[in-house]
Amino acid sequence: MSERNPMDKNTASRQRALVVGLGISGITSALRLHRAGWDVVVLEKAPERRRGGYFLALFGAGLAAAERLGFADAVSNRVAPDSVSYDVDRTGRRRRGVGYADVFPGSRLTVRGDIEDAAFTALPDEVEIRYSTVPVALDQYPDGVDVVIRDLTTETTTVERFDLVVGADGLRSTVRRLAFEPEPSPIRRLNYMIAVYSLPEPVPGYRPQDGLTMAEAGRSVWVFPFADRPPSVLFSYRTDDVDAEFTRTAIDSLRAAYGAEPTGSTLGWLLDQFEKAPDHLFDSTEQVHLDHWYRGRVVLVGDAAWCLTLYSGMGASAGLAGADLLGTMLERHPHDVPRALQDWEDHLRPFIDYHLGSGVSQRGFLTPGNRAELLLRSVMIRLGRLPIAGRLLARTRAKSARMKGLDIAAAA
């Protein structure tokens, strides 16, 4: 039985779209374009759909898009009940701290696979998905795009015409390279590394629903608890040489970044568990800064276009909102794709620019880059516990909350 829901096929004349990438932005773009009356083909480089994934937060901007597309209720809220968050240090000392929900209030804590599964199940059977397949060339014309498509299994190529190409293929996007380069690389390194994995069991000495944060100058560790699965762990640290971090194994880079002093029992255990983990994510944090997210009839969505980084907390939500708005503008200008893309970018740009900035400013709280940022983080936490100061800090966070909850398509 198909994972996806069948829908009545629209037999009217339909334009044809190619979506590259089967992550959150790609699946949502395919779903929204089909709803807008397009025939959709999706290319995915992997031989099958990726499963699982690590923690993330979903905010109002993303939830609004998911609700319109009919899969919001299928995205689990995995917030652990009765959760307590602790700030800890290497000696084992602990005190009440702040958790992810405190840093990003109003979020739905979930995992990437929950969103992808929910969106994929909502895809109609008419959306054609081709695995082990990639674009290798794009040739644009006023009325369409000729795409050279390679089947990685047979190593054969074909040429097909599309009215629109959507690059939703991540930070190191092939579509961006084909359509936008040889412009200078739009990727900007933040000079921070992240390592993420799932624990097999709770941290010794803590309840399953307890969260932990160990923040030091230039590095931090976060343990995120869930209601119904073991916690996830995020290592985040500053580096002056990103390339050097990839010249050794991930665990060796982590031990070099965190191990100058004795690790203590908790940090030592977390490092040991990372080394034993069957899979993990280890990467640098980078943003994408482009003057335009489209060229002709080729448009970029999600990390391929902007890559907000996990420090903003808005990657998934922005991907959903951007895909939803794209469909809205194509419905508004059904026979003028360039106009639709221009209006799409004009409406979306202030929202994305704000969160690109917040990805830099909020990084200091999640991972203080130096002793001054560490001290500021500590002062803010202590002030936040005082009634008057807490209210003042809440006011400063009001714009952040408003931008995270903004329903872009409804406001367009």
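For the stretch 82-142, the normalised intensity computed at q = 0.18, 0.23, 0.29 Å⁻¹ comes to -0.88, -1.07, -1.18 (log10 of I(q)/I(0), Debye sum over alpha carbons, equal scatterers, no solvent).
Computed over the Cα atoms, what is the radius of gyration of the stretch 241-281 divided by 2.2 N^0.38 Å, N being its residue count?
Working: Rg = 10.8 Å, N = 41, 2.2 N^0.38 = 9.0 Å.
Ratio of Cα Rg to 2.2 N^0.38 Å: 1.19.
Using all pairs of distinct alpha-carbon atoms, the Kirkwood hydrodynamic radius of the chain works out to 22.4 angstrom. Computed over the chain with a Gaussian network model linking Cα atoms closer than 10 Å, the most mobile of VAL84, VAL223, VAL301 is VAL84. Summary of the geometry: the stretch 16-54 and the stretch 126-196, compared by the centres of their Cα atoms, lie 12 Å apart.
Using the heavy atoms of the protein chains and a 1.4 angstrom probe, tell me the accessible area per residue for the chain in square angstrom. Each step should come with its number before you reach the end.
Numbers: 18160 Å² over 412 residues.
I get 44 Å² per residue for the chain.
Across the stretch 126-139, computed HN-Hα scalar couplings (Karplus, 6.51 cos²θ - 1.76 cosθ + 1.60, θ = phi - 60°) run 5, 6, 8, 10, 10, 8, 6, 9, 9, x, 10, 7, 10, 10 Hz from first to last residue, x flagging Gly and Pro. Looking at the chain, the DSSP beta bridges with both ends there are about 70 percent antiparallel.
Pairs of Cα atoms under 8 Å, at least six residues apart: use those to get the relative contact order of the stretch 71-206, whole percent.
Values: 114 pairs, mean separation 18.5, N = 136.
Value for the stretch 71-206: 14 percent.
Quick check: with the 1.4 Å probe, what order do THR28, THR157 take by accessible area, largest first? Don't skip to the end; give the middle numbers.
Details: THR28 0, THR157 75 Å².
Largest accessible area first, the list is THR157, THR28.
Could you work out the relative contact order of the stretch 130-206? I mean the mean sequence separation of Cα pairs under 8 Å and 6+ apart, divided by the number of residues, in percent.
Values: 72 pairs, mean separation 15.1, N = 77.
Value for the stretch 130-206: 20 percent.
Three principal axis extents of the stretch 79-191 based on alpha-carbon atoms, in descending order, are 62, 39, 30 Å. In whole Å, how far is the Cα centre of the stretch 320-337 from that of the stretch 206-231? The two parts, judged by their Cα centres, are 39 Å apart. The charge dipole of the stretch 127-212, taken about the Cα centre with unit charges on the Cβ atoms of Lys, Arg (+1) and Asp, Glu (-1), comes to about 480 debye, rounded to the nearest 20. Computed from Cα positions, the angle between helix 337-361 and the longest principal axis of the chain comes to roughly 10 degrees. From the Cα gyration tensor of the stretch 265-314, with a ≥ b ≥ c the square roots of its eigenvalues, which class applies: rounded if a/c is under 1.5, or else prolate if a/b is larger than b/c, or else oblate? It comes out prolate by the Cα gyration axes.
Using only Cα atoms, figure out Rg for the stretch 199-328 and give it as a multiple of 2.2 N^0.38 Å. If you can, show how the numbers build up before the last one.
On the way: Rg = 18.1 Å, N = 130, 2.2 N^0.38 = 14.0 Å.
Relative to the rule-of-thumb radius for its length, the stretch 199-328 sits at 1.29.
Sequence-distant contacts, meaning Cα pairs under 8 Å at least 6 residues apart, place the relative contact order of the chain at 21 percent.
The values are calculated or read from the model by the stated rules, or taken from the named source; none is laboratory data. As the structure is a prediction and not an experimental result, all values here were calculated from the model. A quick note on method: Cβ atoms are made from the backbone with ideal geometry, for glycine too, and the neighbour counts reach across all protein chains shown. Quick note on the areas: whole protein, heavy atoms, side chains included, nothing else; ligands and nucleic acids left out. Shrake-Rupley method; radii C 1.70, N 1.55, O 1.52, S 1.80 Å.
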